[in-house]
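Laboratory data are not the source of any read-out in this text; all were calculated from the coordinates shown. Note that the structure is a prediction, hence the values are computed from the model and not measured. Cβ placement follows ideal geometry from the backbone for every residue including glycine, while neighbour counts extend to all protein chains displayed.
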Amino acid sequence: MIPTVFEKAHPHRVFHLTRYLKTLNQLNEKKPLNRIAVVGGSQSAVEIILHLRQNYPNAEIINIQRGYGFRLKDTK
């Protein structure tokens, strides 16, 4: 679910985790990704940020979340 505040943003550039890889690849084919924002503070958000950092080392990657720090989900 896209947070309400972002619902009116460009639908092809704002997308949910369930469309992450497919949409990211489509966007990158059109134009190199220079600035990427990840909204959320879950473990999935952290994994996405790590994936982006590894695959787009020159991109500016920011995280937007309500709280302070990331929530731990799986500590095994």
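Considering the range 18-34 alone, what residues qualify as being surrounded by fewer than 15 Cβ atoms within 10 Å (Cβ to Cβ) and closer than 26 Å to LEU72 by Cα?
THR18, ARG19, LEU21
Name the one entry in ILE61, ILE48 that is in a helix (DSSP H, G or I), aliphatic (A, V, I, L, M) and touching a residue at least 24 places away in the same chain (Cβ under 8 Å).
On the way: ILE61 fails: in a helix (DSSP H, G or I).
Criteria check complete, one pass: ILE48.
Please give the number of the condition LEU21 fails out of (1) in a strand (DSSP E or B); (2) over 9 Å from the mean Cα position of the chain (by Cα); (3) of a type in the set (A, V, I, L, M, F, W, C).
Single failed check for LEU21: (1).
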